[in-house]
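What follows is a single structure, written as structure tokens, with notes after it.
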Amino acid sequence: MEKTAEDPAGRDRLPLFGSSITHTQHRRVFHRLVSFLGIVSCLWLTLHWLPIALPKLRISSCHHHTRPAHDGVPFDDATASMNPTSADSERVPFEAHIMSKCPDARDCIRELVVPTMERVHDKVDFDLSFIASISNQSSDVDCMHGPGECVGNMLMLCAANLPFPSEGNSRDGKTPTVRYLGFATCLISSYEDIPDRTLVEQCALEHGIDFEALNECVSQQDDNPNKEQEDRPLSGVALLRESARHSADLGVRTSCTVRLDDTVWCVRDGGVWKDCAEEGQGSQVSVLVDEIEKLWGQRN
């Protein structure tokens, strides 16, 4: 009631030519309303399409190996084929010993190994090895984080050893390093979910790994890694036993242990870097890259 009583008084206080001003004000209000509705429409369209675009970004959530290096160059097949080193050059041995369901392994691969490979992949002979306990009386393999970790280890080893069409950066007809390291990093970035089938299929698809061949390799129970494989698929358990024995022979028991030129370079344990070369600075990518460059230059 108070508002109704005040309205006439408000209109009485309008200045001269109030009717003309009121008309002008109405037009201004109308134009503002049209502009406002236009903005709302644009916002609605933007928000309407966002749910479609965002999942596409999330699909590569597991491409942190493939996130840009410090200089912005992604580690992918295109990068791996740029400025290839001569086939006659002597590459520097570079190796990481891990357990697939270990958070230290995840951090080690993502923080040190992949960024280093982004910069000097053509100067190193990289290998991913695994830590597990093997029996001399049977084909049993015991993994610290349970059977799922053994499967994860085998998946990564199988991916590295599957036959692969000849490419400029292939390894004697096997999966190119850029692909199997990308696949392994994809899995280990979600290590809690290993060996979930959806995760494995997604990582295999993203890195061009044959999922069916991968599954067959992991399922194969042949325990003889030296047996001729022409008539049968690779054996994941044989590859794991061979890799675990290699780590044990070197005395490597901690995941993740990085070795360069057949010597321990740095260890990631309990969420921290330990026993790193170059007075403890070896966990820095630039320091490791400089050392690889120096060793490669001495040999070539």
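The values are calculated or read from the model by the stated rules, or taken from the named source; none is laboratory data. What you see is a predicted model, and the numbers here were worked out from it, not measured in a lab. We place every Cβ from the backbone using ideal geometry, glycine too, and count neighbours over all the protein chains shown. Heavy atoms of the whole protein, side chains included, go into the accessibility calculation; ligands, DNA and RNA do not. Shrake-Rupley method; radii C 1.70, N 1.55, O 1.52, S 1.80 Å.
Within region 259-295, if we keep just the residues that are of a type in the set (Lys, Arg) and closer than 20 Å to residue 118 by Cβ, the residue that is most open to solvent (accessible area, probe 1.4 Å) turns out to be 294.
Residue-wise test of (1) free of Cβ contacts under 8 Å to residues at least 40 places away in the same chain; (2) under 18 Å from residue 117 (Cα atoms); (3) assigned to a loop (DSSP other than H, G, I, E, B); (4) under 16 Å from the mean Cα position of the chain (by Cα).
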position	(1), (2), (3), (4)
158	no, no, no, no
178	no, yes, no, yes
184	no, yes, no, yes
200	no, no, no, yes
205	yes, no, no, yes
209	no, no, yes, yes
216	yes, no, no, no
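Taking region 239-254 on its own, how many of its residues are under 17 Å from residue 160 (Cβ atoms) and either in contact with a Ser or Thr (Cβ under 6 Å, 6 or more places away or on another chain) or touching a residue at least 24 places away in the same chain (Cβ under 8 Å) (or both)?
8
Report yes if residue 243 is surrounded by 17 or more Cβ atoms within 10 Å (Cβ to Cβ), among the hydroxyl-bearing types (Ser, Thr, Tyr) and either at pLDDT 95 or above or farther than 28 Å from residue 194 by Cβ (or both), otherwise no. So residue 243 fits the description; yes. If we scan region 124-146, do we find a residue that is modelled with pLDDT under 95, of a type outside the set (Lys, Arg), open to solvent by 10 Å² or more (accessible area, probe 1.4 Å) and in a helix (DSSP H, G or I)? The answer is no; no qualifying residue exists.
All of 264, 287 fail the test of being part of a helix (DSSP H, G or I) and out of contact with any helix residue (DSSP H, G or I) (no Cβ under 6 Å at 6 or more places or on another chain), apart from 287.
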